[in-house]
Amino acid sequence: MLAELSSDLFAARTQMAFTLGSHIIIACFGVGLPILMSIAEYLSLRGDEVWRSIATRWSRAFAVLFAIGAVSGTVLSFELGLLWPGFMGKWGEVIGLPFALEGFAFFIEAIFAGIYLYGWDKLPPRVHWLTSIPIAVSGFLSAWFVVTANAWMNAPAGFMIAKGPEPVNIDPFAAMFNAATWAQTTHMILAAYIVSGFSVASYYGFQWLRGNRTEYIRRAMLLGLWLGCLATPLQLLSGDWCSKVVADLQPAKFAAMEATFETQKYAPLHIGGIPDESRGTVSYAISIPGLLSFMAHGDFSAEVTGLNEFKPEDRPPVAIVHVAFQIMVGLGVYLFFLSAWFVLIRWRKRAVTDSQRFILCLIPAGVAAVIAMEAGWVVTEVGRQPWIVQGHMRTSEAVTGATGLWPIFFVTLAIYAVLFVGGIVSLRYLARQPVEIKGGR
Amino acid sequence: MVVEPVYIYLAFIFLSLAAYAVFGGADFGAGVWELNTRFRASKEEKQLVYRALGPVWEANHVWLIFVMVLFWTGFPWAFARACNLLFVPLFLALAGIVFRGAAYAFRSAMKEDDWQRNVWERVFGIASTAAPFFMGTAIGIWSEFAKEDYWTVPGPVFGDQPDSVTRNPWLTWATPHSLFLGFFAVGLCAFLASVFLYREAVVSKEIKLITVWRRRALTMSIVVGGFSLAGLFVVQVFLPGLWLGICNVGWLLVALSIGCGIGSTFSLWQKYPGTAVITSAMAVAFVILAWGVSMRPYMNPLSVKFGVGAVDDSTLWILIGCVSVGLIIVAPPLIWLMRIFKASESTKD
Ligand code: HDD
Ligand code: HEM
Ligand code: HEM
């Protein structure tokens, strides 16, 4: 165990997980925040100064987040080569296309971000507003492209293995549109909207409860809420879709997610609980017989593959995957109830801001959305182990031969610490600037 | 005549790299000047530097991402090999890139005269200098491998080649020629920035700054010119493989680069900022292209075709198609961006 812990493979994995897990938080805002900015500016076009103030202040925050996203993403593109040369060397050709297309999405995003952020006084208001749309679209596309690459790691397609070790008959489009692509990209992009929407809503909800009850805060909170609350119900549906895809394509991952140790009919759904891998049991779980079979295959009596079908060296770490999955689903349900509550309040034509209790329950939602999103990635990535490319390449075959990765990891940790602390300090600095609204209020 | 797709693809890579060297290089160079003039700079001078960068640096930075992505997609094994070999300088360059970008954004969020803003401006200057320096050293080491089939042999990546056994990437990245190329890269960036900022000063009609930046640009053009000539000797002595390439094919581009360099000195002297920008940019672009062409055939994957691990022509054609369409889509907004923030009528100051 100690030897494994100190190994370079473990260092490389830790570094990859850490940097990706950090980048993804910022990336979510890169996908979601432009939409909020764009709507706020649109609403300001008829001369509403509150919306205009919201849009300009968000655009300054976006500038900071966008820069962190850009540099942390650059780290990732180097890392893919630095840490996983075996992976990039062998498969770079197959999954290069989405990365290349993602490059164009970045281009569009960076160009229009430059125009948008610095063009407030240089362009007519309507044209300026229009430049926010390509930012939102390219944020969406860059997430879509990069997640197809990840989906491909789960459901490899678009190549053949003939005689040699190298893939032949490469079809980059088939690789991009693999069997996991649609479910996974939908789920990720919705997650980005949920994270952005609820983070914004939580922040302003907190301000509201602190007694900062301005029209500015109220509208900013509502806008965030709408985005999060519309995306959440869809997210549960797309999560169900993801589960079915995983059950089909990665039965070992699915078994780990659900902590199903033995292949069985009428398989029970375990809610919560801590799996014990050595004994193959789940303790402290609520079990609902048959439900898992139904969720995976639409039939209560369907057979669900258990981990016993896989050789021990082909099984992912069950406890991590199961617990992470429970966290994601649990938080998803919490966000769903919150959304339903919000819709109910609006249905009754009440003001959300009148319900102290709703706002109290809203405050943890931002952090919850981020945790759900991270937990989902743990399910995807750890659940795929020991494979880096499902069924085709093990993670240990992909790692760099360079030694001494731990120091590099700690340096990276330090760099990211500066990056995130600096980012938070800058955002707080921006938030402390007094809100200026032309024409009073 | 049959066009080999690898050549079209390589042309995309090197043209993108040249674009990065020019646009990204000028942005780094602005940071080099920020570091240099830290204690003497007037407020207007600093404003000019940061204002010039604001709207464009992220777009300019994407050229690098683009080069990386094209490289690993088209030549996956060469990419993997390069990453192993250049681990240390690439990592350090990366740290520079990260801190440059972040520091720029953070300082812009702060109010003037805030101590935090000063700290980030300091970081910005140091990081902007470090990034091109380490990229230069990386190119220096890479150039050593213009001698055998190092880049083209597919297979396990580390420790399978005599070279990588004798070369520990932790220790041997700082060679005389790599350090020289590091300084050369910083010099090129500072040169480009001074010319570009001279033009910015002319556009915004800041009389004092026009004089300052023109003087700096002239000085830098002489310094960088000297550097380049010294560089040719360095290449001849330390990098015989690359030198052979220059003698065979690269010389024309080297000559063009020198010509453009002289042209830029002349335009600076004659006070034509627009022409100076174009000629200096071309001088730098030709350096990159000359290097790319002279490294041939060692990064040329044609020879791989007979082995395993080649990128199929069909894949390359797909990529070329996608990249072409992508560039056509990206070009109009890119030009629009430049027109909004960089357009000017003045061709003479
Ligand atoms: C706000 C975030 C969020 C929320 C509320 C949910 N998820 Fe999720 N989930 C993600 C954010 C996320 C994610 C981080 O975005 C992942 C990781 C990879 C991916 O594409 O999406 C993910 C992955 C992921 C996977 C693995 C896909 C794979 O490995 O290919 C499954 C099966 C689910 N989710 C299922 C669900 C279910 C049934 C949910 C409902 C209750 C749910 N998710 C809510
Ligand atoms: C397109 C997107 C992604 C790609 C191409 C990708 C690729 C990789 C690679 C190459 C590894 C190392 C090999 C391995 O351990 O499987 C890895 C590991 C990992 N990644 Fe991802 N990843 C992506 C998205 C993410 C995101 C957004 C997260 C966010 C949390 C994440 C979390 C992890 C974790 C936790 C590991 C470590 C798994 C382990 O060692 O058990 N990944 N990923
Ligand atoms: C292996 C995985 C990844 C790599 C190599 C990568 C690479 C990058 C790079 C290089 C950038 C900077 C582009 C620029 O200069 O503007 C970036 C930004 C971005 N990435 Fe990633 N990324 C990865 C994972 C992800 C994932 C999983 C998402 C998904 C949702 C994502 C979404 C984004 C977005 C939206 C941006 C725009 C920056 C922003 O607005 O903050 N990336 N990424």
> Which value, in Å to one decimal place, does the Kirkwood hydrodynamic radius take for the range A:291-441 when every pair of different Cα atoms is included?
Replying inline: 20.7 Å
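Quick one: work out Rg over Rh on the C-alpha atoms of the protein assembly as shown, Rh as Kirkwood radius.
Working: Rg = 27.5 Å, Rh = 28.0 Å.
Result for the protein assembly as shown is an Rg/Rh of 0.98.
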> According to a simple spin-label model (label point 7 Å from Cα along Cα-to-Cβ), what is the distance in nm between A:Leu9 and B:Phe266?
Replying inline: 6.3 nm
> If the cut-off is a Cα-Cα distance under 18 Å, which aspartates and glutamates reach B:Lys271, setting aside same-chain residues fewer than 8 apart in sequence?
Replying inline: B:Glu200, B:Glu206, B:Glu345, B:Asp349
>> Just to verify a number: FRET efficiency for B:Phe233 and B:Ile329, C-beta to C-beta distance, R0 = 51 Å, to 0.05?
In response: 0.70
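Per residue, how big is the convex hull of the range B:28-137 when only Cα atoms are used? Give it in Å³.
Details: hull volume 10.3 nm³, N = 110.
Each residue corresponds to 94 Å³ of Cα convex hull volume.
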> In nm, to one decimal, how far is the modelled label at A:Phe420 from the one at B:Lys208, with both set 7 Å along Cα→Cβ?
Replying inline: 4.4 nm
> Any idea what angle helix A:132-154 forms with the longest principal axis of chain A, computed on alpha-carbon atoms, 0 to 90 degrees, nearest 10?
Replying inline: 10 degrees
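Give me a single rounded figure for B:312-323: the average over its residues of other chain Cβ atoms within 10 Å of their Cβ. All intermediate terms of the calculation are to be shown ahead of the outcome.
Values: counts 6, 0, 4, 9, 1, 0, 7, 6, 0, 0, 7, 5.
Taking the mean over all residues of the peptide, I get 4.
If you wrap a convex hull around the C-alpha atoms of the range A:183-230 and split its volume per residue, what is the figure in Å³? The partial results should precede the final answer.
On the way: hull volume 2.2 nm³, N = 48.
Cα convex hull per residue, to the nearest whole number: 46 Å³.
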> What whole number of Å gives the distance from the Cα centroid of the range A:194-227 to the Cα centroid of the range A:279-299?
Replying inline: 38 Å
>> Let me confirm one metric for peptide A:115-127, namely the mean number of other chain beta-carbon atoms within 10 Å of its residues' beta-carbons.
In response: 2
>> Which one, A:Phe29, A:Val399, B:Ala105, is farthest towards the positive end of the dipole of the protein assembly as shown when Lys and Arg carry +1 and Asp and Glu -1 on their Cβ?
In response: B:Ala105
>> Between helix A:318-347 and chain A, what is the angle of the helix's C-alpha long axis to the longest principal axis, kept within 0 to 90° and rounded to the nearest 10?
In response: 30 degrees
>> If R₀ is 25 angstrom, what is the calculated FRET efficiency for the pair A:Ala319 and A:Ile345, using the beta carbon separation as r and rounding to 0.05?
In response: 0.05
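How much length is gained on full extension from A:Phe300 to A:Ile286, taking 0.36 nm per residue of separation minus their Cα-Cα distance?
Working it through step by step, the gained length comes to 3.3 nm.
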> Rounded if a/c is under 1.5, else prolate if a/b is larger than b/c, else oblate: which is the range A:299-376, with a ≥ b ≥ c the root eigenvalues of its Cα gyration tensor?
Replying inline: oblate
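Exceeding 28 Å between C-alpha atoms, which entries from my cross-link table qualify? They are B:Lys111/B:Lys205; A:Lys90/A:Lys265; A:Lys122/B:Lys111.
Values: B:Lys111/B:Lys205 25 Å; A:Lys90/A:Lys265 39 Å; A:Lys122/B:Lys111 22 Å.
Correct reply: A:Lys90/A:Lys265.
Using the Cα centre of the protein assembly as shown as the reference point, and only Cβ charges (+1 on K/R, -1 on D/E), how large is the resulting charge dipole? Debye, rounded to the nearest 20. Please report the intermediate quantities before stating the final value.
Details: 55 positive and 50 negative charges, 628 e Å.
Dipole about the Cα centre, nearest 20: 3020 debye.
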> Given the Cα atoms of chain A, and with Rh set as the inverse mean 1/r over their pairs in the Kirkwood sense, what is Rg to Rh to two decimals?
Replying inline: 0.99
> Sorted by mean Cβ packing within 10 Å, highest first, what order do the peptides A:347-356, A:363-372, B:186-195 take?
Replying inline: B:186-195, A:363-372, A:347-356
>> Using +1 at the C-beta of Lys and Arg and -1 at the C-beta of Asp and Glu, which of A:Phe173, A:Gly92, B:Ser257 has the Cα lying farthest in the positive direction of the dipole of the protein assembly as shown?
In response: B:Ser257
>> How high is the relative contact order of the range A:182-324? Use alpha-carbon pairs under 8 Å, at least six apart in sequence, and give a whole percent.
In response: 22 percent
>> Can you say what percent of the DSSP beta bridges in chain A, counting only those with both residues inside, are antiparallel? Round to 5.
In response: 100 percent
> How far apart, in nm, are two points set 7 Å out from the Cα along the Cα-to-Cβ line at A:Asn169 and at B:Asp312?
Replying inline: 0.8 nm
> What does the charge dipole of chain A about its Cα centre add up to, to the nearest 20 debye, if the Cβ of each Lys and Arg holds +1 and the Cβ of each Asp and Glu holds -1?
Replying inline: 2020 debye
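Could you compute the FRET efficiency for A:Arg394 and B:Ala174, with r as their C-beta to C-beta distance and R0 at 25 Å, rounded to 0.05?
0.10
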> Which distance in Å, rounded to a whole number, links the C-alpha centroids of the range A:140-188 and the range A:25-65?
Replying inline: 33 Å
> Based solely on its DSSP helices, what 222 nm [θ] is calculated for chain A when runs of n ≥ 4 H residues each add -39,500 (n - 2.57) and the sum is averaged over all residues, nearest 500 deg cm²/dmol?
Replying inline: -24500 deg cm²/dmol
> For the modelled label position 7 Å from the Cα of B:Asn36 along Cα-to-Cβ, which residues of the range B:230-262 have backbone nitrogen atoms closer than 20 Å?
Replying inline: B:230-231, B:261-262
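Read-outs: derived from the displayed coordinates by stated rules, not from any lab. The structure presented is a predicted model; accordingly, all values stated were derived computationally and were not measured. Cβ: placed from backbone, ideal geometry, glycine included. Neighbour counts: every protein chain shown.
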